[in-house]
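Novice: Mind looking over this structure? Questions follow.
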Amino acid sequence: MKMTDEKRNDDLIDWHLTTWEGARREALRRWRRLPLERVIAALEEMQHVAEELSKPFPVEKKKPY
């Protein structure tokens, strides 16, 4: 890759989004753009995933030899 190609790629990156705070702002900006129905559906799905993950993982009992 040539130096000019690398420079062009760097120019395309919004470096403000590469920090924790920048990523948080971008996530909030994207949430604000969603219609209310999509936000509610996403929250319900996250709740379902959280409930599934909070269940104890079934452990298979091994038979002794």
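Taken together, the values in this text are just the output of simple stated rules run on the coordinates, not laboratory data. Worth saying up front: this structure is predicted, and the values here are computed from it rather than measured. Every residue, glycine among them, receives a Cβ derived from its backbone with ideal geometry; neighbour counts consider all protein chains shown.
Novice: Below 15 angstrom from the Cβ of residue 39, what's the summed charge of the other residues (Lys, Arg +1; Asp, Glu -1)?
Specialist: My count for the surroundings of residue 39 gives +2.
Novice: Based on the mean of other beta carbon atoms within 10 Å per residue, what is the order of 25-35, 50-60, most packed first?
Specialist: Final packing ranking: 25-35, 50-60.
Novice: Can you list, largest first and rounded to whole Å, the semi-axes you get for segment 13-54 by taking the square root of 5 times each eigenvalue of its Cα gyration tensor?
Specialist: They are 26, 15, 6 Å, listed from largest to smallest.
Novice: Compute the distance in nm between two label points, each set 7 Å from the Cα along the Cα-to-Cβ direction, one at residue 27 and one at residue 49.
Specialist: 1.1
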